[in-house]
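Presented below is the structure to which this report refers.
The values are calculated or read from the model by the stated rules, or taken from the named source; none is laboratory data. Predicted model only: the values in this text are computed from it and were never measured. Backbone-built Cβ (ideal geometry, glycine too); neighbour counts: all protein chains shown.
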Amino acid sequence: MTPMRHPLLFPPIFFALAACGPSTPPAPAVPPTELAAVRTPPPDYPAELACTGVGGTTRLRIAIGPGTKPTDIELLASSGNAVLDENAIKAVKDWEFKPATRGGQPVTQKIQVPVNFRPPAERPAECFRYDEKR
C-alpha cells in the first residue's frame, strides 16, 4: 500500500519556508565618530599671578558622556598653584564637546588635557599697580 499524500499541505509549507529567506538587506553600519572640542575658552588667569610670573600647566583627565559637557574632571598634575588649578577645573566644567559615537550612539570617552598658564612675555601696564603693593 502506498502512503497517501496530501497535496494541500505542500504549498503552505513551501510558502512559509520561502518567507524565512532573505528579506530587506541589513542597514549599513554607522561609522564611529571621535570626540571633538566645540568650545574651550581659556580659564581666568589672575592678573596678579600673571604679573608676578606665576604660571604652570594643570593636567586634567576629563570624561565626556552623551551630553556636551564634561561629566567627570580629575586633577592629574598640579600647576604648582592651587588658584590656577581651581581656575582650570572651573573653566573645563564649561567646555563643550561633540561626543564620540559608536553604532550611531554617543559614548563616554576620557581624555587628558593640559591647561596652560603662561605669564605674558611683556609685562602689561596693569602689572605696575601690583609692584606698588609689594
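Here is a yes/no grid of residues against (1) exposed (fewer than 14 other Cβ atoms within 10 Å of the Cβ); (2) in contact with a Phe, Trp or Tyr (Cβ under 6 Å, 6 or more places away or on another chain); (3) under 30 Å from residue 127 (Cβ atoms):
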{"position": "42", "(1), (2), (3)": "yes, no, yes"}
{"position": "45", "(1), (2), (3)": "no, yes, yes"}
{"position": "50", "(1), (2), (3)": "no, no, yes"}
{"position": "81", "(1), (2), (3)": "no, no, yes"}
{"position": "96", "(1), (2), (3)": "no, no, no"}
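When only residues in region 52-78 that are among the aliphatic types (A, V, I, L, M) and surrounded by 15 or more Cβ atoms within 10 Å (Cβ to Cβ) count, which is nearest to residue 101 (Cα to Cα)? Break it down stepwise before answering.
Of all residues in region 52-78, those among the aliphatic types (A, V, I, L, M) come to 54, 60, 62-64, 73, 75-77.
Filter once more, so that each one left must be surrounded by 15 or more Cβ atoms within 10 Å (Cβ to Cβ): 54, 60, 62, 64, 73.
Working: 54: 40, 60: 22, 62: 17, 64: 11, 73: 20 Å.
This residue is 64.
Restricting the first residue to region 24-50 and requiring it to be within 17 Å of residue 67 (Cα to Cα), which pairs with a second residue that is exposed (fewer than 10 other Cβ atoms within 10 Å of the Cβ) meet a Cβ separation below 8 Å and a spacing of at least six or different chains?
That search, which allows pairs on different chains as well, returns 32/103.
Counting just the residues of region 19-37 that are part of a loop (DSSP other than H, G, I, E, B) and closer than 30 Å to residue 113 by Cβ, which one comes out modelled with the lowest pLDDT?
It comes out as 30.
Among the numbered criteria (1) part of a helix (DSSP H, G or I); (2) surrounded by fewer than 17 Cβ atoms within 10 Å (Cβ to Cβ), which one does residue 92 miss?
Of (1) part of a helix (DSSP H, G or I); (2) surrounded by fewer than 17 Cβ atoms within 10 Å (Cβ to Cβ), only one is false for residue 92: (2).
What are the residue pairs meeting all of these: first residue in region 65-82, first residue more than 25 Å from residue 50 (Cβ to Cβ), second residue among the charged types (D, E, K, R), Cβ atoms under 6 Å, and 6 or more apart or on different chains?
The qualifying pairs are 68/96; 74/61.
Could you look through region 95-130, keep only residues that are in contact with a helix residue (DSSP H, G or I) (Cβ under 8 Å, 6 or more places away or on another chain) and either free of Cβ contacts under 8 Å to residues at least 60 places away in the same chain or assigned to a helix (DSSP H, G or I) (or both), and pick out the one that is nearest to residue 56 (Cα to Cα)?
113
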